[in-house]
Amino acid sequence: MTARKPKLAVWKFSSCDGCQLSLLDCEDELLAVADAVEIAYFLEATRAQVKGPYDVSLVEGSVTTPEDIRRIRKIRKQSKVLITIGACATAGGIQALRNFNRVYDFITAVYAEPDYIETLATSTPIQDHVPVDFELRGCPINKYQLLEVVNALLNGRRPVVPAHSQCVECKAHGTVCVMVSQGTPCLGPVTQAGCGNLCPSVNRACYGCFGPKEMPNTSSLAGWFSANGLGQPHVRDFFRSFNAGAEPFRRESEAHE
Amino acid sequence: MVEPDKQDHPIMAIDRDGLNALIQRLAAEGYQVIGPRVEDAAVVLGPVAGVADLPAGWTDEQSGGHYRLVADGKGEAGALFGYTLAAQGWKRYLHPPRTRLWQAHREGRSWRVEAEAAPQRYAFLGVRACELSAIGVLDRVFDNGQFTDPGYAARRSGTFIVAVNCGRAAATCFCASMDTGPKAHAGFDLALTELPGEDRAGFVVEVGSPAGAAMLQAIPHGPAAAADIDAAERAVATATAQMQRAAGGREMVADAAGVLSRNAEHPLWEAVAARCLGCGNCTAVCPTCFCTSVEDTTDLSGEVAERWRRWDSCFTLDFSYIHGGSVRRGTASRYRQWITHKLSYWHEQFGTSGCVGCGRCITWCPVGIDITEEARALAESEGRT
Ligand code: SF4
Ligand code: SF4
């Protein structure tokens, strides 16, 4: 007896494609994934398209146009399980910096014919528009975490993707804290682990690519930044990067306008 | 120096060449020697092949949320153990951050479970008195007669311990008030005290076990001069004096266990929560924090399953997750849980304090939350100090 393979679709909204590339970057494991699922829609990898409904949809990118809203609703209807991947899809991405300004000003500065541009005033995460079953963080996502989510789904178990701080990861790796040993401002204490300790292991502070950890105390950390000589605009900008639109980071950045 | 086979004395001495010989002898006997070395702007523990790997001429400056590696100006001639505590302790070797408990392969309708290989035998070089106490605490947690963690017991029983007494206390140290240091009294195979002052000074050596005695016999050593024994005692006395509160040092408040047990409800908890990041650094660096979480993994095909154990922290939301949600949602309850366990009900559970006074949680807390100051604030609010 051969069971029907689950149908997997990968969708793109406003994004740089980096998260989809993380999936392609799985290389060896990708063959195992292709064995275990039917890749029904994944334009980054193949032009072949299989019609919905889909068992699993992976969604990359944020919602920035009226068309995006229509499209994500349609995808949700066609998908049993919908998983958002990356900072764009889970927090609005770097393009959510527009949320702090008037998007019309950007359009007129960039385009010769601004009237041709149809865009929303904000860049928002997918779950602001449709129900999402699981959010996988990161800019870009970590391929091992992605495999873990797919794997858990196929084997009917809970994915192991902890929401604890990057500090937990640093200490498990034996990485010396750059804040304590060198006085370098670091977002690690308020950032969810998951990158595999990329920046700290090369002696750099955490930039917060995986967004806020569970119950982040951003104001205490911002207090440390200020006490250690970081001026208001720098504190604001620290919280305003790939996950600028994530609620706790947004609030903290606005407190330092 | 006398030759290895000369008659032994209760207190002996070795020079730096003797220490080098000790490291090499341990390696030759199949131990992986772990000791202090400079890496990433700090003294850390890692494999050492000889005296040349040790942090000669390096010391440290520590306070709440603050660590700096500082040169003592003497370079190679400076003290080898002039630092106080490495960034992380020996816990990561005895109780690793991640351990695979088992691996299973599907075989038809059943599973074949594969046993884990025998662990690496370690020799620890440079264990401080507080850290020795902490290893004793872990022993009671993992191998207490009633319950034995086989992985821990195997790693622990194969370990050779070279303690090094402290001649200096960091501003975060408070072992004297916890009665755990700065001199090691038991639990070691050999204990060294680095002689202060001169260039490339040697060590006074005490033997703590038959294995230690045999090891000392195998390396160049000699009887310690009376003057050196005095100097070693004075070095330890200096460290003790530096921890006296009256002299600007640090002490744990008296009856911390009682203070904590009487103050489950207190405005202090919310005040700490306003500062605490819930990051878990304190529990990771604490040499006695032992909590873990267990994770199951599978390969994509479902043919191989593994069970891993990893360090967990009572500062995470998931830690207290039970059916229906997390019990300790707020940071106030998480901090209270941690400090009360450390200082108070650890006594009821394991018969000792869970805190040995190493001060690591103070140094490595990014915002410098201080276990001694929080306990003192509670005591002062009772009007007892
Ligand atoms: S609670 Fe702090 S001072 Fe006490 S043993 Fe743990 S890390 Fe050291
Ligand atoms: S006490 Fe300090 S190290 Fe511990 S969780 Fe709070 S902020 Fe982190």
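What follows is calculated from the coordinates using simple rules that are stated; it is not laboratory data. Please read all numbers here as calculations on a predicted model, not as lab measurements. Using ideal geometry, Cβ is built from the backbone for each residue, glycine included, and neighbour counts are taken over all protein chains shown.
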Where no second cysteine Cβ lies under 4.7 Å, the cysteines concerned in chain B: B:Cys166, B:Cys173, B:Cys276, B:Cys291, B:Cys314, B:Cys355, B:Cys365
Note down the net charge around A:Ser220, summing +1 for each Lys or Arg and -1 for each Asp or Glu among other residues with Cβ under 11 Å from its Cβ. 0
Long-range share for the range A:7-154, i.e. C-alpha pairs more than 27 Å apart as a percent of all pairs, stands at 23 percent
B:Gly46 long-range amide H proximity, modeled H, under 5 Å: B:Gly35, B:Arg37
The range A:210-257-the range A:42-78 distance, computed between alpha-carbon centres (Å): 33 Å
Karplus-derived 3J(HN,Hα) from phi for the range B:309-315 (6.51 cos²θ - 1.76 cosθ + 1.60, θ = phi - 60°), whole Hz, x at Gly and Pro, runs 10, 9, 3, 10, 9, 5, 8
What does the charge count near B:Gln32 come to, summing +1 for each Lys or Arg and -1 for each Asp or Glu among other residues with Cβ under 15 Å from its Cβ? +4
Please report B:Ser261, B:Ser313 as a ranked list, fewest other C-beta atoms within 10 angstrom at the top and most at the bottom. B:Ser261, B:Ser313
So how compact is the range B:1-119: Cα radius of gyration and Dmax in angstrom? 20.5, 68
Please turn the phi angles of the range B:45-62 into ³J(HN,Hα) values with the Karplus equation 6.51 cos²θ - 1.76 cosθ + 1.60 (θ = phi - 60°), one per residue in order, whole Hz, x for glycine and proline. 9, x, x, 10, 9, x, 4, 4, 7, 6, x, 4, x, 10, 9, 9, 10, 10
The protein assembly as shown - charge dipole about Cα centre, Lys and Arg +1 at Cβ, Asp and Glu -1, debye rounded to 20: 1760 debye
Charge dipole (chain B, unit charges on Cβ, about Cα centre) - positive-most of B:Ala41, B:Leu300, B:Ala21: B:Leu300
As a test of understanding, state the convex hull volume per residue of the range A:175-222 from its alpha carbons, in Å³. 69 Å³
Treat the count of other C-beta atoms within 10 Å as a stand-in for reagent exposure and order B:Val137, B:Val356 from fewest to most. B:Val137, B:Val356
Which of the GluC sites (Glu not before Pro) across the range B:215-290 are loop residues per DSSP, with 14 or fewer other Cβ within 10 Å? B:Glu265
For the protein assembly as shown, percent of DSSP beta bridges that are antiparallel (nearest 5) comes out at 65 percent
Picking from A:Gln166, A:Ile126, A:Asn155, whose Cα lies most toward the positive end of the charge dipole for the range A:80-171 (charges on Cβ: Lys, Arg +1; Asp, Glu -1)? A:Asn155
Stokes-Einstein translational diffusion, the protein assembly as shown - Kirkwood Rh over all Cα pairs, 0.890 mPa s, 25 °C, in µm²/s: 90 µm²/s
By the Cα gyration tensor axes a ≥ b ≥ c (a/c under 1.5 gives rounded; else a/b larger than b/c gives prolate, otherwise oblate), the shape of the range B:250-381 is prolate
Work out from phi, with θ = phi - 60° and the Karplus expression 6.51 cos²θ - 1.76 cosθ + 1.60, the ³J(HN,Hα) of each residue of the range B:63-76, listed in order in whole Hz, and give x for Gly and Pro. 7, x, x, 9, 9, 9, 7, 10, 7, 8, x, 9, x, 4
About its Cα centre, what dipole magnitude does chain B give when the only charges are +1 on Lys and Arg Cβ and -1 on Asp and Glu Cβ, stated in debye to the nearest 20? 940 debye
Picking from B:Asn263, A:Leu136, B:Ser333, whose Cα lies most toward the positive end of the charge dipole for the protein assembly as shown (charges on Cβ: Lys, Arg +1; Asp, Glu -1)? A:Leu136
In this structure, among B:Lys91/B:Lys183; A:Lys12/A:Lys77; A:Lys213/B:Lys342; B:Lys91/B:Lys342, pairs with alpha-carbon gaps over 23 Å are A:Lys213/B:Lys342
To the nearest 20 Debye, how big is the dipole of the range A:43-183 about its Cα centre, given +1 on the beta carbon of each Lys and Arg and -1 on that of each Asp and Glu? 560 debye
Taking a ≥ b ≥ c as the square roots of the eigenvalues of the Cα gyration tensor, with a/c under 1.5 meaning rounded and otherwise prolate when a/b exceeds b/c and oblate if not, the range B:12-242 is prolate
